[in-house]
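The next block holds one structure in the form of C-alpha cells; read it before the comments.
The values are calculated or read from the model by the stated rules, or taken from the named source; none is laboratory data. All figures in this text were calculated on a predicted structure; none of them were measured in a lab. Don't worry about glycine lacking a Cβ; one is built from the backbone with ideal geometry, like all the others, and counts go over all protein chains shown.
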Amino acid sequence: MRLKRLLAWALIPCMLLPFFSGCAKKQHTANFDQIHVVSHMDPEFAEQFSVDYLEGGYKLITLGDESRFLLVPEGKTAPEGLGDITPLYMPIKNIYLAATSAMCLFDALDRLDAIRLSGTKESGWYIDGAKEAMKDGRILYAGKYSEPDYELMLAEGTTLAVESQMIGHAVEIKNQLERLGIAVLIDQSSNETHPLGRAEWIKLYGALLDEEEKADAIFSKQAEILKEVQTADRTDKTVAFFYFTTTGRVNARRSGDYVSKMIDLAGGTYIFKDLGDPDSKKTTVSLEMEAFFDAAKDADILIYNATIADELGTLDELLAKSPLLSDFKAVKTGNVWCTERNMYQETTQLGEMIKSFHSIFTDDEGKLDEVPFFYRLK
C-alpha cells in the first residue's frame, strides 16, 4: 500500500483531471481540473491508508481496498465528475460505528460526539467513554453490522457507516446502506503488517474529524514507547498466547499475526513458529490439547487470552480447564498471565501494550503482579 500510495501521490495531478473536471457549483475557487495537492500525510507504520491535502481545504482519503473519499469542507460542495470517489461533507457527525477497534480512536480524540449509533451494545464495550455515552443515550445501539436498523439511521441523519471488514460477509448490507445515501468506510487497520500500523489509524480518523494535530500527538507517544522498548536487550523468552474453547480445544494466535509480532517487538519469541496459513485473515488456530502440549510445555511464559474466553482469577481455575497444564514449565515457575477484557479494544495503546509484554518478559524475580492489560495468575 505504501508503494501504491507513493505512486498515487506522484500521479495525483494527472488523476485529478478526470475525477475533478469542472468547477464546484457556485464556488469562487479554481477549477478542480487545475487543483493542486498541497501536502500529504506520510504514515510511519500504516500502509492501508493515505491522505492527500488539496487546495481549498479538500482532503482525499485512499484506503487499502482502493476505495476513496473526498472530504468536502463545510460550506463547499463536491465537484462533479468524482467517478468512484465518495464525497463526505464536513463536519462529519451522526456516524454509525460497527468497527469496534475504531471506538477507542474516537475516544482518544475526545470526539465520541461524532458517533451517534453503535453496532455494539453497551455491555460489549470495555471502553469507559463508550459505555458512559451509551448509558447516557448519547450513543444508541443500532444493530450489529449484519442487522443494522436502517430506520433509526435515517431518523438520526446518519451519512457515514464505519464498518469492520466483516461487512465483506454481508455485501448486501453495504449495498443497501449506500442505496440509502449512507457512505461506507471500511476500517482496514487489521490488515496492517506492523502492530503500530493499527494504532496509526488514529491519523486517518484525525483527518476525518479535523483533529490531525491531536492524532499526531497521541500516536507519537506510542511510537516513542516502542522505541524505548526496542533499545533494551532482547530476552527471547518463549511465549504461548492461547485460550480454551467450550469444546476443550486450544485456540492459539496464528504465527505472524499482530499479537505474535508485539511479542517479538517486546523482545520475546512466540512459541509457535509456523502455526496457521500466513495468507489467512484468521487470527487463531484450533489445536488438539496433545499438539498444544508438545509445542508449549516448555514455554517460559503462558498468556491466557480472556478477551474471547472467560476471565480467570487464579491458576487453579486455569488448571481446572486442563490438569495437563500442571506439567508446563511456566505453570511450575508461576509465569502464567491473563489478559484483561479490554485488550483488543485499545488500539490506541499498542505501544503501551508492547511495553507491558516487555515488562513481563524482564520480570525475572516475579515481582510484578499486574501491568497494563495483563495480570499474573496465582
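Some points to look at:
- Filter pass, residue 253 being crowded, with 19+ Cβ neighbours inside 10 Å and either modelled with pLDDT under 95 or at positive phi (or both): yes
- Per the listing 133, 161, the residue uniquely of a type in the set (Gly, Ala, Ser), in contact with a strand residue (DSSP E or B) (Cβ under 8 Å, 6 or more places away or on another chain) and in a strand (DSSP E or B) is 161.
- Hits in region 166-200 (condition: assigned to a helix (DSSP H, G or I) and touching a strand residue (DSSP E or B) at 6+ places or on another chain (Cβ under 7 Å)): 167, 174, 177, 178
- Only one of 354, 360, 303 that is touching a strand residue (DSSP E or B) at 6+ places or on another chain (Cβ under 9 Å) and under 18 Å from residue 257 (Cα atoms): 303
- For region 337-378, filtering for residues that are closer than 20 Å to residue 234 by Cα, in a helix (DSSP H, G or I) and of a type in the set (A, V, I, L, M, F, W, C) leaves 6.
- Scanning region 224-241 for residues that are surrounded by fewer than 17 Cβ atoms within 10 Å (Cβ to Cβ) and not basic (Lys, Arg) gives 224, 228, 230, 231, 232, 233, 236.
- The residues on offer are 294, 310, 316, and the sole one that is surrounded by fewer than 20 Cβ atoms within 10 Å (Cβ to Cβ) and assigned to a loop (DSSP other than H, G, I, E, B) is 310.
- When residue 223 is tested against (1) free of Cβ contacts under 8 Å to residues at least 12 places away in the same chain; (2) over 30 Å from residue 72 (Cα atoms); (3) not assigned by TED's automatic domain parsing to the domain that holds residue 321, exactly one condition is not met: (1).
- No other residue among 214, 227 is touching a helix residue (DSSP H, G or I) at 6+ places or on another chain (Cβ under 7 Å) and either among the basic types (Lys, Arg) or outside any helix (DSSP H, G or I) (or both) apart from 214.
- Candidates 178, 156, 147, 151: the one that is closer than 21 Å to residue 111 by Cβ and of a type in the set (Asp, Glu) is 156.
- Residue within region 130-150 that is within 26 Å of residue 311 (Cβ to Cβ), modelled with pLDDT of 95 or more and small (Gly, Ala, Ser) present: yes
- Number of the condition not met by residue 57 [criteria: (1) on the phi < 0 side of the Ramachandran plot; (2) surrounded by 14 or more Cβ atoms within 10 Å (Cβ to Cβ); (3) at pLDDT 90 or above]: (1)
Residues are listed down the side, and each one gets a yes or a no for (1) β-branched (Val, Ile, Thr); (2) closer than 21 Å to residue 211 by Cα; (3) touching a Leu at 6+ places or on another chain (Cβ under 7 Å):
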{"site": "120", "(1), (2), (3)": "yes, no, no"}
{"site": "127", "(1), (2), (3)": "yes, yes, no"}
{"site": "132", "(1), (2), (3)": "no, no, no"}
{"site": "137", "(1), (2), (3)": "no, no, no"}
{"site": "147", "(1), (2), (3)": "no, no, no"}
{"site": "153", "(1), (2), (3)": "no, no, yes"}
{"site": "159", "(1), (2), (3)": "yes, yes, no"}
{"site": "164", "(1), (2), (3)": "no, no, no"}
{"site": "167", "(1), (2), (3)": "yes, no, no"}
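- Single residue of 216, 187 found to be farther than 23 Å from residue 287 by Cβ, out of contact with any Cys (no Cβ under 7 Å at 6 or more places or on another chain) and surrounded by 24 or more Cβ atoms within 10 Å (Cβ to Cβ): 187
- Residue 282 under 23 Å from residue 377 (Cα atoms), surrounded by fewer than 18 Cβ atoms within 10 Å (Cβ to Cβ), free of Cβ contacts under 8 Å to residues at least 40 places away in the same chain and not assigned by TED's automatic domain parsing to the domain that holds residue 125: no
- Residue list for region 108-130, filter: in contact with a strand residue (DSSP E or B) (Cβ under 9 Å, 6 or more places away or on another chain) and surrounded by 17 or more Cβ atoms within 10 Å (Cβ to Cβ): 114, 115, 116, 117, 118, 119, 120, 125, 130
- For region 233-250, the count of residues that are in the same structural domain as residue 340 (by TED's automatic domain parsing), within 17 Å of the chain's Cα centre (by Cα), without any contact (Cβ under 8 Å) to a residue 40 or more places away in the chain and outside any strand (DSSP E or B) is zero.
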